[in-house]
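Enquirer: Mind looking over this structure? Questions follow.
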Amino acid sequence: MPMPKMGADGRRRSLCYDPQREKYISFDDIVLGREKIVPIERLSEEDFKKLVIRRWQLLPEERTVQSISGPPYSRDDVIRAIEQDEPFGKMTVEAERPTLRELLEEIRRNL
């Protein structure tokens with residue numbers, strides 16, 4: 001399988017986090033050999049939450065999302081929901097887990 005294709009937004013968004021160094025790690029950091037992958041499973045719940053917040057912070061400010069039955073959320077609304085452990089924030093964090101796990105595994109296989 002080839003390396004996953006990443007657009008500009010994807011390249012600058014953090015894919016993993018090293019809590020010992022408090023360092024967010026991007027696709028380019030990994031692919032260019034500057035950093036190693038820190039598996040999602042090694043992160044505490046709080047560290048994973050930090051990673052998800054960071055990923056949202058790096059999205060364009062005008063970015064919005066909407067749940068099936070709720071109102072639209074701005075990027076900042078999503079960040080606030082995550083920080084305050086609101087149901088939508090918890091759902092957002094849990095939705096990121098398998099996505100990041102699969103993406104990091106695909107990158108690891110192709111290095």
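Every read-out reported here was derived from the displayed coordinates using simple, explicitly stated rules and does not represent laboratory data. Everything quoted here is computed from the prediction, not taken from an experiment. Using ideal geometry, Cβ is built from the backbone for each residue, glycine included, and neighbour counts are taken over all protein chains shown.
Enquirer: Whats the longest run of the chain with zero GluC sites (Glu not before Pro) that are DSSP loop and have at most 16 other Cβ atoms within 10 Å? Walk me through the numbers before you get to the answer.
Expert: Working: sites that count: E22, E61, E62.
For GluC sites (Glu not before Pro) (loop position, at most 16 other Cβ atoms within 10 Å), the longest site-free span of the chain is 63-111.
Enquirer: I would also like to ask the following. Among W56, P4, T92, flag the residue with its Cα farthest along the positive direction of the charge dipole of the chain, charges on Cβ as +1 for Lys/Arg and -1 for Asp/Glu.
Expert: Of the listed residues, the answer is P4.
Enquirer: Can you give the FRET efficiency to the nearest 0.05 for R101 and S74, using r as the Cβ-Cβ distance and R₀ = 41 Å?
Expert: Given R0 = 41 Å and the Cβ-Cβ separation, E is 0.95.
Enquirer: At 0.36 nm per residue, minus the direct Cα-Cα distance, what do Q20 and R108 gain on full extension? Give it in nm, one decimal, please.
Expert: Length difference between fully extended and current span is 29.6 nm.
Enquirer: Among the listed pairs K5/K50; K49/K90; K23/K50; K50/K90, which have their C-alpha atoms separated by more than 18 angstrom in this model?
Expert: Exceeds cut-off: K5/K50.
Enquirer: Percent of alpha carbon pairs in the range 8-110 separated by more than 25 Å? The partial results should precede the final answer.
Expert: Details: 986 of 5253 pairs.
It works out to 19 percent of all Cα pairs.
Enquirer: Given R₀ = 22 Å, what would the calculated FRET efficiency be for L32 paired with D9, taking r from the Cβ atoms and rounding to 0.05?
Expert: 0.75
Enquirer: Which residues make up the longest stretch of the chain that has no trypsin sites (Lys or Arg not before Pro) in a DSSP loop with at most 10 other Cβ atoms within 10 Å?
Expert: 35-111
Enquirer: Once you have the Cα-Cα distance between E41 and V65, take 0.36 nm times their residue separation minus that, and quote the gain in nm to one decimal. Don't skip to the end; give the middle numbers.
Expert: On the way: separation 24, 0.36 × 24 = 8.64 nm, distance 2.63 nm.
Full extension of this stretch gives 6.0 nm more.
Enquirer: Expressed as a rounded percentage, what relative contact order does the range 8-110 have, with Cα pairs under 8 Å and six or more residues apart?
Expert: Details: 116 pairs, mean separation 23.0, N = 103.
Here the relative contact order equals 22 percent.
Enquirer: Treat every Asp and Glu Cβ in the chain as -1 and every Lys and Arg Cβ as +1, leave all other atoms uncharged, and give the resulting dipole magnitude about the Cα centre to the nearest 20 debye. It would help to have the intermediate numbers written out before the result.
Expert: Details: 21 positive and 22 negative charges, 91 e Å.
I would put it at about 440 debye.
Enquirer: Tally Lys/Arg at +1 and Asp/Glu at -1 over every other residue whose Cβ is under 14 Å from the Cβ of A8; what's the total?
Expert: +3
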